[in-house]
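Novice: The structure's right below; bear with me while I get my questions together.
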Amino acid sequence: MSDDLFADGDPLEDPHWRKTPKAKRSGRLIGCPVPWFAWVFPLVKSKEQLALALYLYRRCCICNCDTVTVPSNEITELLDFSRWGKYRALLALEQAGILRRKENGGRTTKIRLCSWPDPPAR
């Protein structure tokens with residue numbers, strides 16, 4: 001028995017270790033799961049509310065948490081909302097059942113996204 005690990009050749013030269021082609025993505029990429037979008041879309045009343053809902057969904061994914069802060073400076077920079085516009089949109093999303101706001105003692109607002117119904121079985 002040989003002490004040389006590579007006596008049979010370099011294991012990384014095996015064809016199974018070579019790069020495989022990337023899978024093609026669907027043309028339906030919208031930044032969130034389609035069932036979530038289909039649930040939220042009829043609940044919102046403006047494009048601003050939809051944009052904020054999508055932003056909050058993405059923020060939850062990035063933070064890997066269902067409760068996140070909603071910094072006014074980011075909302076203003078990305079979506080061109082005023083501070084009061086943000087609060088109006090958050091209130092509308094809360095009334096629609098998309099999220100729950102948590103008061104944070106005068107600090108940045110925290111929200112928790114609500115669960116959406118399971119998509120219908122195919």
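Novice: Kirkwood Rh over Cα pairs of the stretch 32-113 into Stokes-Einstein at 25 °C, 0.890 mPa s: D in µm²/s?
Specialist: Diffusion coefficient, whole number: 193 µm²/s.
Novice: Continuing with the same structure: Give me the distance in nm between label points sitting 7 Å out from Cα along the Cα-to-Cβ direction at Asp66 and Arg107, one decimal.
Specialist: So the label points at Asp66 and Arg107 sit 2.2 nm apart.
Here, each number is a calculation from the coordinates, and none is a lab measurement. Keep in mind that what you see is a predicted model, and the values were worked out from it rather than measured. Neighbour counts run over all protein chains shown; Cβ positions are idealised from the backbone, glycine included.
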